[in-house]
Amino acid sequence: MQVSHPVYDVAVIGGGINGVGIAVDAAGRGLSVFLCEKDDLASHTSSASSKLIHGGLRYLEYKEFRLVHEALLEREILLAKAPHIIRPLRFVMPHQPHLRPAWLIRTGLFIYDHLGKRKKLAASRHIHFDPASSPLKDEMTQGFEYSDCAVDDARLVVLNAMQAHELGAKIATQTRCSAAYRENGVWNIHLEHAQGSYQVQAKALVNATGPWVLQFIEHNLQQQSPHGLRLVQGSHIIVPRIYEGDKAFILQNDDHRIVFAIPYLEQYTLIGTTDHEYQGNLDQVKITSQEVDYLLNVYNDHFKHQLTVEDILYTYSGVRSLCDDESDNPSAITRDYTLAISPTQENDAPLLSVFGGKLTTYRKLAESAMAHLAPTFPDMNKSWTETACLPGAENLVSVELLMQQLMQGIDQVSLSLASRWAHAYGSRVWNFLKDISTTSELGEDFGHGLFAREVDYLVDQEWARTSEDILWRRTKLGFQFSADEIQQLDQYLLKLLLKRSSDTAA
Ligand SMILES: Cc1cc2nc3c(=O)[nH]c(=O)nc-3n(C[C@H](O)[C@H](O)[C@H](O)COP(=O)(O)OP(=O)(O)OC[C@H]3O[C@@H](n4cnc5c(N)ncnc54)[C@H](O)[C@@H]3O)c2cc1C
């Protein structure tokens with residue numbers, strides 16, 4: 001087996017938000033970084049979230065003040081780092097006095113407003129619903145409103161991976177770490193991909209495998225885990241847009257859980273999520289019929305317009321990996337993260353394992369990971385990610401201005417195409433639209449505003465390899481593509497990838 005690099009400082013296993021967050025932080029501190037992901041970037045939990053950058057109002061009930069404080073502070077930091085993929089979102093909470101009294105909600109919202117710095121996001125307030133225009137049932141006459149943010153979760157992962165790469169990190173997707181062991185003070189890491197296997201070495205190993213964290217420690221590293229793990233499935237359904245306006249709803253259910261209804265991609269509403277202990281195959285997490293019924297029931301209890309299973313266009317499910325705090329109720333298990341470092345003796349290559357975490361706190365989790373690794377890298381640079389833009393946010397005055405520039409500069413660009421490009425790529429959109437004056441110069445047209453230029457960019461700069469990577473994670477065009485259109489894209493990708501591999505071999 002060939003060893004392909006002298007010795008990396010840090011090897012990260014897992015290309016979800018926590019893995020790429022640690023990779024980018026380490027690379028920016030001057031460390032050499034290797035990251036492998038067995039599938040596509042963000043192909044598991046990190047693209048199956050509720051897509052919120054939020055403090056987590058309901059965690060206050062579980063007294064998770066540390067987590068909520070950190071998450072609240074992160075909202076505006078992340079909004080400034082990536083305003084093209086993150087936007088403020090107002091939440092409406094109908095008041096249900098038999099579930100939670102008004103004083104409790106008011107107190108919770110007061111804490112929520114003041115626990116973290118808030119400059120751009122508006123404060124909470126009490127509201128009355130106009131029965132004539134409210135989408136809610138007539139008995140819901142009043143409620144509360146507060147602010148959080150929405151994010152394109154999969155793109156948050158890809159942008160962090162791009163930034164890590166630009167800072168020198170090697171990102172190896174479709175590459176599984178099958179085993180790793182310590183030898184002579186370094187980690188030997190065995191990797192497998194479609195073309196064969198190879199090995200790299202690193203001074204520190206980061207296990208950011210999300211729901212696989214325990215499996216990775218016990219099977220791939222043959223060690224004992226310092227913590228237990230709880231796997232909790234959460235599912236969402238997507239339906240055609242059910243109400244006007246750009247606000248989300250937070251619905252309280254009789255079981256004391258909450259469900260969100262969130263405006264999604266102009267035409268849709270996203271409804272989720274559930275909380276169920278999960279023991280199935282981590283590579284094939286699917287919504288159950290009980291979860292579908294649960295989400296429809298909570299929605300139908302609140303809204304005038306009623307939904308049935310036939311209205312569901314799409315579903316997705318993910319698994320949270322939570323550090324086991326022995327709670328009986330899956331909703332009550334801590335959402336905070338735990339970092340475990342071993343061994344503690346000097347001069348032995350450390351293993352850092354990530355248990356839990358949220359999209360919202362990935363940057364702070366990465367800073368904490370680097371603090372744990374500091375004894376191994378005493379000369380590394382200081383933390384730097386708080387004020388650094390993610391790719392596409394550089395020189396971005398506003399997404400609206402960029403949309404105007406796209407429509408004025410390129411013939412035949414519709415408002416919806418300009419909006420999609422500007423929100424997905426920010427200022428990086430010019431990397432594939434340079435010198436273009438009309439969409440007919442963009443190469444093969446796959447339909448719905450997807451052209452060869454964008455596909456090439458996604459393959460060359462964003463590690464896209466399959467139509468699924470492109471249609472569901474780099475873009476959300478999967479909702480619109482027919483089977484024939486997907487086949488046309490697959491054929492193009494096959495030729496492109498063959499050409500790229502023969503170019504590399506030459
Ligand atoms: C239903 C649901 C809703 C959520 N909503 C929100 C929300 O709105 N806001 C929020 O802040 N958080 C939310 N979260 C939490 C958030 O999504 C997760 O905490 C986060 O995505 C976890 O990221 P991760 O990197 O740890 O795991 P993952 O994204 O699962 O990444 C781990 C990666 O490791 C890879 N891997 C595993 N084993 C190997 C190996 N041997 N070799 C190579 N690669 C390997 C996997 O393929 C995977 O891609 C939600 C979670 C769920 C389940």
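For the chain, the share of accessible area belonging to carbon and sulfur comes to 51 percent (1.4 Å probe, ligands and nucleic acids excluded).
Tell me whether the range 447-506 comes out rounded, prolate or oblate; compute the Cα gyration tensor, take square roots of the eigenvalues as a ≥ b ≥ c, and use a/c under 1.5 as the rounded threshold. Since a/c reaches 1.5 and a/b is larger than b/c, the shape of the range 447-506 is classed as prolate. For the peptides 391-404, 80-93, residues were scored by their other Cβ atoms within 10 Å and the scores averaged per peptide; the highest-first order is 80-93, 391-404.
Provide the per residue accessible area, probe 1.4 Å, for the chain, rounded to a whole number of square angstrom. Write out the running numbers ahead of the final one.
On the way: 21620 Å² over 506 residues.
I get 43 Å² per residue for the chain.
Taken over the range 399-501, the ratio of Cα radius of gyration to 2.2 N^0.38 Å equals 1.03. Distance between the pseudo-spin-label points of GLN290 and ARG90 (7 Å out from Cα toward the beta carbon): 3.8 nm.
Put LYS358, LYS495, LYS38 in order of accessible area, largest first, 1.4 Å probe: what do you get?
The ordering from most to least exposed comes out as LYS495, LYS38, LYS358.
In whole angstrom, the chain maps to an equivalent ellipsoid with semi-axes of 36, 30, 21, each derived as √(5λ) from the alpha carbon gyration tensor and ordered largest first.
Per-residue SASA remark: LYS364, around 60 Å² accessible (1.4 Å probe; ligands, DNA and RNA not included).
For ILE238, the solvent-accessible surface computed with a 1.4 Å probe is close to 0 Å², ligands and nucleic acids excluded.
Determine the dipole magnitude for the chain: charges of +1 sit on the beta-carbon of Lys and Arg, -1 on that of Asp and Glu, nothing else is charged, the reference point is the Cα centre, and the result goes in debye to the nearest 20. Mind dumping the intermediate values first?
Working: 46 positive and 62 negative charges, 219 e Å.
With only Lys, Arg, Asp and Glu charged at Cβ, the dipole is about 1040 debye.
The values are calculated or read from the model by the stated rules, or taken from the named source; none is laboratory data. Since this is a predicted model, take the numbers as computed values, not measurements. Here the Cβ is made from the backbone with ideal geometry for all residues, glycine too, and neighbour counts use every protein chain on show. Surface areas here come from the heavy atoms of the whole protein model, side chains and all, with no ligands, DNA or RNA. Shrake-Rupley method; radii C 1.70, N 1.55, O 1.52, S 1.80 Å.
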